[in-house]
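One structure below.
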Amino acid sequence: MARYQAILAYDGTGFAGSQRQANKRTVQGEFEAALRRLGWNGRSILLAGRTDTGVHASGQVAAFDLEWRHSPQALVKALNAMLPEDLVVRDLSVTRDDFHPRFDALSRTYRYRLFCDEVRDPLRERYAWRVWPRLDGKILPELALLWIGKHDFAAFGSPTRPASGTVRTVLEAFWQEEGQTWVFEVQANAFLYRMVRRLVYVQVAAAQGRLSAEVIAQALQEPASALSRTETLPAGLAPACGLTLVRVTYPVEDCNL
């Protein structure tokens, strides 16, 4: 019996999130079903993080214990032969017995894509948020800088567990323009529930002239005040379709992939 560390990629459109739910199609449910066909009888696989309905991943990390007599490469082929087309194992290796993809992670990186167009584009909108009215892209890079550092993000998300609080450290945040598409990338030690989608939403509101950078900065400095004055910080989330979990970072000794 060995513990395996796997990198998963999936198109989140057809999943009700990553975490197993009764009577719903989830990433965990599909992956565990494939494992059972290989003799796995565990209670639950471990995942690095939870992704909501419609959120994608190219670097989700899973861990599981399995009696397997062949090579890790053979296990990748066996799993991918049984997984649905919208879920795949990108890589896999043996790891230490007590490795936990969530609690051992140093940071997670998300990427959000959006584009500006007055006319709907069903193909692009599967993986990006169509924004209209047009935004001022010149302001986006300076807005991204506001998030970097240790802040109380209470106005931009909620903790997955009450005891974990709302203070998080953002290590990197930036926007890149790719043709007609804008891409926001953010790396942090951890994220609040729906935090990335909230960050994107308020930045778009500011870039459309509906919100000032000063209001965003104040919400980071005085989150309690921002929560009590909802008229200054617009409520809303960027759609799930534009969000992708791209990378989970671990200490060197756990970087097997």
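Just so you know, all these numbers are worked out from the coordinates, no wet-lab data involved. Since the structure is predicted, the reported quantities are computational estimates derived from the model, not experimental observations. Cβ atoms come from the backbone with ideal geometry, glycine included; neighbour counts cover every protein chain shown.
Taking the chain as a Gaussian network of alpha-carbon nodes connected by springs under 10 Å, the highest mean-square fluctuation of the residues Ser93, Ser44, Ser18 belongs to Ser44. Measuring from a point 7 Å past the Cα of Ile148 along Cα-to-C-beta, which residues in the stretch 157-184 have an amide N at less than 12 Å? Answer for this model: 170-175.
Each residue, Arg3 and Trp132, gets one label point 7 Å from its Cα in the Cβ direction; the gap between the two is 5.0 nm. In the stretch 29-52, whose amide N lies under 20 Å from the spot 7 Å out along Cα-to-Cβ of Asn23? List them in ranges. Residues 29-30 qualify, since their backbone N sits under 20 Å from the label point. Every helix of 4 or more DSSP H residues in the chain counts as -39500 (n - 2.57), and over all residues that averages to -6000 deg cm²/dmol at 222 nm. Calculated from the alpha-carbon coordinates, the stretch 2-104 shows an Rg and a Dmax of 12.5, 36 Å respectively.
Assign one of three labels to the stretch 93-244, namely rounded, prolate or oblate, based on the Cα gyration tensor with a ≥ b ≥ c the square roots of its eigenvalues; rounded applies when a/c is under 1.5, prolate when it is not and a/b is larger than b/c, and oblate otherwise.
Oblate is the answer for the stretch 93-244, as a/c is 1.5 or above yet b/c matches or exceeds a/b.
Working value for the stretch 31-173: equivalent-ellipsoid semi-axes of 35, 23, 13 Å, each the square root of 5 times a Cα gyration tensor eigenvalue, largest first. Label-to-label distance for Ala163 and Lys77 is 4.6 nm, based on points extended 7 Å past Cα in the beta-carbon direction.
Tell me, rounded to the nearest percent, the portion of alpha carbon pairs in the chain spaced more than 26 Å apart. Result for the distance tail: 44 percent. Evaluating 6.51 cos²θ - 1.76 cosθ + 1.60 at θ = phi - 60° for every residue in the stretch 109-124, the Karplus couplings come out as 10, 10, 10, 10, 10, 8, 9, 9, 6, 6, 9, 5, 9, x, 5, 5 Hz, glycine and proline recorded as x. Comparing Ala105, Ala33, Ala206 in a Gaussian network model of the chain (Cα springs below 10 Å), the most mobile by mean-square fluctuation is Ala33. Extension gain for Glu222-Val94 works out to 41.5 nm (0.36 nm per residue, less the C-alpha to C-alpha distance).
Expected output is a single nm value to one decimal: the length gained when fully extending between Arg37 and Glu214, i.e. 0.36 nm times separation in residues minus the C-alpha distance. What is it?
Gain in length upon complete extension: 58.2 nm.
Long hydrophobic helices in the chain, taken as whole DSSP H segments with a C-alpha length of 27 Å or more on their own axis and mean Kyte-Doolittle hydropathy at least 1.0, are absent. For the stretch 133-219, the share of alpha carbon pairs falling in successive 10 Å distance bins from zero is 17, 52, 26, 5, 0 percent.
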